[in-house]
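S.K.: I have a structure I would like to understand better, so I am pasting it below and will then ask my questions one at a time.
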């Protein structure tokens, strides 16, 4: 990016900040540094590029230009809070905190400040209950959905019967990694498979013990909730012990290109979930390429386009833009406030036709949001890594989770939170 | 023999191998501490920096390309050539030697005679600095280290040993990369010991380690020796960076391996090269065995803290570590 | 001229042994306190509270605590993050188990619990010294973090292991939870900081502080002149952990409101607080404040300059931030190994003479 341009942008930004501007302010809490930079960079690139494309093509959303405020969190909670406080005064409309820790931090703060949070496929799972978490949205899918989608996929693979199977869960020993355990325990009781849990401590560079245990116990499947360096090491160690890679399934934060490339050919066949189908030939990428990258406005170096996390970032931006458009439609004004955007998010309806129209056909599942359900449909696909071609291949269509298991868990956890925080559940 | 027992042996073997990798990192600490009394917290970041530089040189990346692009509006990233691995390793060594010289010239020369805690603090500053420079130079994405090191369990070992136990024993698992690391570590340590025992510089190095002033008075240049030990630590960091980077890709988390080396140092003593090796082996075996036997009862992921607790228990009985110099206190 | 000691006569022993014997220091101290208590709460906003002032105050407490252990008693500790976690989790358990008791009492009790844990982990210091001890305290760091992550009783069996601070009030004003006003958040931290600093200052001037310093300067000699090393070291660990525990409780309850132990109280925190006291100055209460301010404010300032003023990409700024912080640490150590507190002392020397050269 050209410095002069940036400087000009910064000057206009500072000038504009003082006036009550008719701009749509969207903060991007990114992490392009620190241990997780490899995951944060493509997501943020996609998130910004999409908004920049809207600015270049349509002049923003509903005629209002979008102003992106990027703030570097380094995946660090305290910096995340600083970023939140620094940007919220500028009239931020929607936050995508992009870290479980920062999300937990911001849930009470954003609720008090009346700014919606979109935690796409991460953060607090029970926030799917919109009656307790009025300002938090985690559509299109959450971790408990992911666990259930994995099990449903395995059920399908095994003709509907997992009763004599052994499944191991290898997880990052943190709030994030522990999320699926309760769901998997329920599912294990329901379908009769044996569940082994293996915790890997942060950062996860040394996993020999865990994989030796997997080698001893020979589970039929290994599920992984990993993040950062843990993913690369786990894929390598699985290959080392000769574990059949097609029986090794990661969740959607353990299924990007950079998770598998360090292991080279050994990673071939590794599977992961995804909530966004990837397709490098989507028409929307052409638009971004011509309107944003060739105009010299690319966020980052422009090399990530079409990758898993870039697509996910762009998808997140699309959902935000659609919610803003919805809010403009509901309230009949183009200069929406954060509270109006919340209404837009709660009335959001994404259809296949709409996605096709936006040039990103079938990137995500069709879903709708309402006050009771902030979690979307919970669908996910399973994809497989093809090491020789160097890309992910979608194996399945969108698989539905077992809502009869997840709903009670969501209700229970959100009720506990409501009791602890003294919230009276209800719609706004 | 029962499968549990055999698996116990397997865990011990793998613990030994992991211990060698820990010892590799710990070696760098010992070298610098022995010669200059500096507890070099930046050792982990040096491993990261060396590995990043190696990959960068091999793939012909333009250093500081992101910065250059941001300032001048250009769009450069690669020179367009690839450097063979061996040459790249040599070039990386040159960079590490330059780094050693710069550290000595600009930082530690000015801190001679300060308290150990001040020196330690300076190395923390150095770690920050080097991490930032590494990111600026080579970017912060994950890089694949394509040195062609063998990876994966050795099938030969597995086949040879699978007959030892019953049906539920599948033979010993030994990672080929670990075997390579062991060989490299043996070569490295032997080389270091030979260097220290039989060369002029090596003797000078030991003299400095024994007594700075005495060494100075017989005409040994302290400055040169310190550049030398920092270069050697750079070499060790490069080797450690390659071995760990081969497993996980070269990325930021590589700098955290320093934390794996600290209990090894405590146990082995800060001033002893054999101590680092033996300490590494004990820690490796100890933490793996604990995770194997006790881990399942308490929920696993015990390795991080158990290594420290093991070293702590050990220290209570022998406060100077296994091979550390006896602490003699005078009033 | 600007800094005067002359003409300040004492007529009683009490006056002579007060905390700030020099009149100018005293006035300055009262002026700072008055400003902090009477002016700042009226002008503070959310950004200043959450990005700068509240973390600064909390880190200052932690730095005072660590400074007692490391700066006054000479025992280097890298377990600060773990002890802060003890404070935070103790506070959480107390807050949720006894919701009717005042939060202030909870925070003080958390400090007490941390003191007990700290003293227990301080036992090895009787045998182990120097860097060996520093590394040994890492055992506490890793073990405590693992424990709070593993045992679900500590986080009331919630699915993810995060703890959230419920709303609690002091005199009817909420100080924890989402509806806390910036000034309330700031004031409760300020009160704790002030009390802690006064306690610490007086402890270190008293006989206990003197025994600590004698252990620091040479423990064998201290033992020979009759200082009990067991008592001295363990009290240092306990008092230090008490402050650190309070800092941890405030960090969780007032500042962040929700924490996950591995992320909020990881090893990075231990190093950060240690940096603060070394940059600020070992063995100085003022140094604890200066170091905390330096490391809290510096990244924010660098970010403001880089991103908002120069308009550079955020990742470049973040990388430069590392380079600059690292370079500054080394620069300070080379120029002034005794930290900002020593710079302040030198400045006072200069001001005493200014504007005359001699």
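Read the figures in this text as sums done on the coordinates, not as results from a lab. Fair warning: this is a prediction, and the values are worked out from it, not measured in the lab. FYI the Cβ positions are ideal-geometry reconstructions off the backbone, even for glycines, and counts take in every protein chain you see.
S.K.: Please report the antiparallel percentage of the DSSP beta bridges confined to the protein assembly as shown, to the nearest 5.
M.R.: Percent antiparallel among DSSP bridges in the protein assembly as shown is about 40.
S.K.: At q = 0.11 Å⁻¹, work out log10 I(q)/I(0) for chain C with the Debye formula, treating every Cα as an identical point scatterer and leaving solvent out; two decimals please.
M.R.: For the requested q values the scattering log ratios are -0.80.
S.K.: Give me the percent relative contact order of chain C, please, defined on Cα pairs under 8 angstrom at least 6 residues apart.
M.R.: 30 percent
S.K.: Shifting gears a bit: Given a Förster distance of 45 Å, report the FRET efficiency between residue B:105 and residue C:351 from their Cβ-Cβ distance, rounded to the nearest 0.05.
M.R.: Calculated value: 0.80.
S.K.: Roughly speaking, what is the centre-to-centre gap between the stretch B:146-195 and the stretch C:65-139 when only Cα atoms are used, to the nearest Å?
M.R.: 43 Å
S.K.: Where is the GNM fluctuation largest for chain C (alpha-carbon springs, 10 angstrom cutoff): C:79, C:280, C:306?
M.R.: Maximum among the listed residues: C:306.
S.K.: Take every Cα pair under 8 Å in chain B that's 6+ residues apart, average their separations, divide by the length, and report that relative contact order as a whole percent.
M.R.: The normalised contact order for chain B reaches 34 percent.
S.K.: Now, a different point. Could you give log10 I(q)/I(0) at q = 0.05, 0.07 Å⁻¹ for the protein assembly as shown, computed by the Debye formula over C-alpha point scatterers of equal weight, without solvent?
M.R.: Log10 of I(q)/I(0), two decimals: -0.32, -0.64.
S.K.: If packing is taken as the average count of other Cβ atoms within 10 Å, what order do B:23-32, A:195-204, C:342-351 fall into, highest mean first?
M.R.: B:23-32, A:195-204, C:342-351
S.K.: Between the stretch B:259-331 and the stretch C:224-287, what is the separation of their alpha carbon centroids in Å?
M.R.: 25 Å
S.K.: Moving on. Which percent, to the nearest 5, of DSSP beta bridges fully inside chain A are antiparallel?
M.R.: Of all bridge pairs located within chain A, approximately 30 percent are antiparallel.
S.K.: Let a ≥ b ≥ c be the square roots of the eigenvalues of the Cα gyration tensor of chain B; is it rounded (a/c under 1.5), or, if not, prolate (a/b larger than b/c) or oblate?
M.R.: oblate
S.K.: Rg over Rh of the stretch C:216-333, using C-alpha atoms and the Kirkwood radius, what does it come to?
M.R.: 1.09
S.K.: Beta carbons within 10 angstrom, averaged per residue: use that to sort the peptides B:122-130, C:188-196, A:419-427, highest first.
M.R.: Highest mean packing first, the order is B:122-130, C:188-196, A:419-427.
S.K.: Return the distance in nm (one decimal) between the two label points of a simple spin-label model at residue A:361 and residue A:423, each offset 7 Å from Cα along Cα→Cβ.
M.R.: Distance between the two pseudo-spin positions: 4.0 nm.
S.K.: Summarise the partner chain shielding of A:371-382 as one whole number: the mean count of Cβ atoms from other chains within 10 Å of each residue's Cβ.
M.R.: Across the residues of A:371-382, the mean count of other-chain Cβ atoms within 10 Å is 0.
S.K.: Using R₀ = 30 Å, calculate the FRET efficiency as 1/(1 + (r/R₀)^6) where r is the Cβ-Cβ separation of residue C:8 and residue C:218; round to 0.05.
M.R.: The pair residue C:8/residue C:218 has a calculated efficiency of 0.30.
S.K.: Another question about this same structure. Just counting partner chain Cβ atoms within 10 Å, what average do the residues of peptide A:224-232 show around their Cβ?
M.R.: 3
S.K.: Percent of Cα-Cα pairs more than 31 Å apart in chain A, please.
M.R.: 37 percent
S.K.: Just need the relative contact order of chain A here, percent rounded to a whole number, with Cα pairs under 8 Å and 6+ apart.
M.R.: 21 percent
S.K.: Which residue, A:366, A:327, A:265, has the most motion in a Gaussian network model of chain A that connects Cα atoms within less than 10 Å?
M.R.: Of A:366, A:327, A:265, the Gaussian network model singles out A:265 as fluctuating most.
S.K.: Moving on. Given the rule -39500 (n - 2.57) for each run of at least 4 DSSP H residues, summed and divided by the residues of chain B, what is its mean residue ellipticity at 222 nm, to the nearest 500 deg cm²/dmol?
M.R.: It comes out at -23000 deg cm²/dmol, rounded to the nearest 500.
S.K.: Something else about it: Quick one: grab the alpha carbon gyration tensor of the stretch A:278-428, order the square roots of its eigenvalues as a ≥ b ≥ c, and give me rounded if a/c is under 1.5, else prolate or oblate depending on whether a/b is larger than b/c.
M.R.: oblate
S.K.: Then there's this: Using helices alone, what [θ] at 222 nm do you get for chain A, with -39,500 (n - 2.57) per DSSP H run of 4 or more residues, divided over all residues and rounded to the nearest 500?
M.R.: -14000 deg cm²/dmol, from helical runs alone.
S.K.: Right, here's the next one. R0 = 22 Å: FRET efficiency of residue B:206 with residue B:325, Cβ-based, nearest 0.05?
M.R.: 0.95
S.K.: Let me ask another. Of B:87, B:188, B:21, which is the most mobile in a GNM of chain B whose springs link Cα atoms less than 10 angstrom apart?
M.R.: Of B:87, B:188, B:21, the most mobile in the Gaussian network model is B:87.
S.K.: Students often check this: by mean Cβ neighbours within 10 Å, which of B:245-256, C:144-155 ranks highest, and how do the rest follow?
M.R.: Top of the packing list down: B:245-256, C:144-155.
S.K.: Okay, next question. Taking square-rooted eigenvalues a ≥ b ≥ c of the alpha carbon gyration tensor, is the stretch A:20-137 rounded, prolate or oblate, where a/c under 1.5 means rounded and, failing that, a/b exceeding b/c means prolate?
M.R.: oblate
S.K.: From the helices alone, meaning DSSP H stretches of at least four residues, give me the mean residue ellipticity at 222 nm for chain C, per-run term -39500 (n - 2.57), in deg cm²/dmol to the nearest 500.
M.R.: Helices in chain C give a 222 nm mean residue ellipticity of -20500 deg cm²/dmol.
S.K.: Could you pull the Rg and Dmax for the stretch A:123-219, using just the Cα atoms, both in Å?
M.R.: Taking only Cα atoms of the stretch A:123-219, I get Rg and Dmax of 15.3, 47 Å.
S.K.: Another question about this same structure. In peptide B:110-118, how many Cβ atoms from other protein chains are near each Cβ within 10 Å, on average?
M.R.: Partner-chain Cβ atoms within 10 Å, mean over residues of B:110-118: 4.
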